[in-house]
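A short write-up of the structure that comes next.
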Amino acid sequence: MNTRQQRGESERAQLRRSELIATGRKLFADTSYDALSMDDIAQHAGVAKGLIYYYFKNKRGYYLAIIEDSVMELVSLASGGVDLPNTQRVQRTVEAYLRFAEFNEAAYRTIITGGVGFDTQVQAIRDAVRTGLVSTVAEGAYGSKDIPPIARLALLGWLSSVEWLTLEWLEHREELTREIPRDLLVRMLRHTFDTIEEFAPECPAPPPDPDFRPYTGREN
């Protein structure tokens, strides 16, 4: 097999793997991990069960690949908008985060709560997404991912609030529109920036966005 043929085979394999992950994300969005067997997954995907074992080794490997794919999407959504002013980029990050949680609830819950039992690999994935999101917020606020440890600690504290506030909001989103947690989190982040500046003057809080209109309860 020549190089071109090998490249074509590799691309087809990657496409098939991506298709299987997309199918899995839909399945696990509506059904718990324990309720789905490999036979169920293969039937929904329209493939032989052996193909799933070939790409992912076992059900757990398949599950972790789905979670990693979800994490990549979350970080990609949150880190977009690099052409926006810093304050607008921060607000866009919060909005993207909440949208992801709303439309990928099962994956989000797995990422935040740690998966099936205490799953060290899912915990590692969560740590990676936390690092990525803190770096995104830091770059949006300060123009750099390289910030003092105390600033990183404060942003991690805010992100922990984001995670659990979002989980609580998901339980009550029929009563609370997305604008409410978004604006709460943006305001909480504003206070976090002010506190960081007190402890680390080299990290001045970014100026408020004059165009930001917080939720007032009167929007449709």
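The values are calculated or read from the model by the stated rules, or taken from the named source; none is laboratory data. Remember, it's a predicted structure, so these values are computed and weren't measured experimentally. Virtual Cβ from ideal backbone geometry, glycine too; neighbours counted across all protein chains shown.
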Checklist entry - Within the set of pairs 6 or more residues apart or between chains, which connect a residue that is in a helix (DSSP H, G or I) inside the range 97-110 to a residue that is of a type in the set (D, E, K, R) with Cβ atoms less than 6 Å apart? => result L98/R178; L98/R182
Checklist outcome for this item: In the set L77, L27, L36, the lone residue that is more than 15 Å from I111 (Cα to Cα), aliphatic (A, V, I, L, M), in the same structural domain as R182 (by TED's automatic domain parsing) and modelled with pLDDT of 70 or more is L77
Checklist entry - Applying the selection to the range 80-117, what residues are closer than 30 Å to Y63 by Cβ, in contact with a Lys or Arg (Cβ under 6 Å, 6 or more places away or on another chain) and modelled with pLDDT under 80? => result I111
Item to check | Of all residues making up the range 139-172, the number that are in contact with a helix residue (DSSP H, G or I) (Cβ under 7 Å, 6 or more places away or on another chain) and charged (D, E, K, R) | outcome: 3
Item to check | Matching residues, the range 26-74, being over 19 Å from the mean Cα position of the chain (by Cα), assigned to a helix (DSSP H, G or I) and among the aliphatic types (A, V, I, L, M) | outcome: M38, I41, A42, A45, L51, I52
Next on the checklist: Of everything in the range 157-166, what is surrounded by 15 or more Cβ atoms within 10 Å (Cβ to Cβ) and under 19 Å from A128 (Cβ atoms)? Give them in sequence order.
Outcome noted: W158, L159, V162, E163, T166
